[in-house]
Every structure is written in C-alpha cells, then in structure tokens.
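The values are calculated or read from the model by the stated rules, or taken from the named source; none is laboratory data. Remember, predicted model here, so these are calculated numbers, not experimental data. Cβ placement follows ideal geometry from the backbone for every residue including glycine, while neighbour counts extend to all protein chains displayed. Just the protein is used for accessible areas: all its heavy atoms, side chains included, with ligands, DNA and RNA removed. Shrake-Rupley method; radii C 1.70, N 1.55, O 1.52, S 1.80 Å.
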Amino acid sequence: MLNRFDPSQPSHGEAEVKYLDGDFRVVRPGGFVRCAVTGAPIAIDELKYWSVDRQEAYATPEAVLQRYRETPRS
C-alpha cells in the first residue's frame, strides 16, 4: 500500500510526492502537498486530483479544469 504512513514519521510540513496512474508514492514524508493552481495546502489523506504528466496536485476539480484550460494544445 503506497499511501499508508508510518506513524513514527513526522506528518507536519510539505511532503514530496511522485504522482502515478491511479496512485501516488510519498518520497519525503509530510502532512500536505500544495495545489499547483491555487497554492492551497492539500492534506495527504485528502489528495484526490493530480497530473501524472505534470507531476502536480490540485485541490479541487475546478483547479484541474483551470489548469487544463491554461495548457496549450497542439
């Protein structure tokens, strides 16, 4: 289980995360990641939206849509 946390690890501060298809892996423990669009902190256990290609997290579906609209298409 990639998303389980070791309670002995500190859960404060910003985590470093590798975003995978349908899951993510915590590279450096922490309690949250930041939304790439809004900068809002997202608790690791609340993380639902991310981009594998961009390796960034999003706080809400609206943030995902905003990033999609900002992305140039060829």
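Within the range 50-69, being open to solvent by less than 80 Å² (accessible area, probe 1.4 Å) and among the hydroxyl-bearing types (Ser, Thr, Tyr) holds for SER51, TYR58, THR60. Search the range 20-49 for residues that are surrounded by fewer than 16 Cβ atoms within 10 Å (Cβ to Cβ) and pair each with any residue that is at pLDDT below 95 and among the hydrophobic types (A, V, I, L, M, F, W, C) when their beta-carbon atoms are under 8 Å apart and the residues are at least 6 apart or on different chains. As it stands, the answer is LEU20/LEU2; ASP23/LEU2; ARG25/LEU2, since those pairs meet every condition given.
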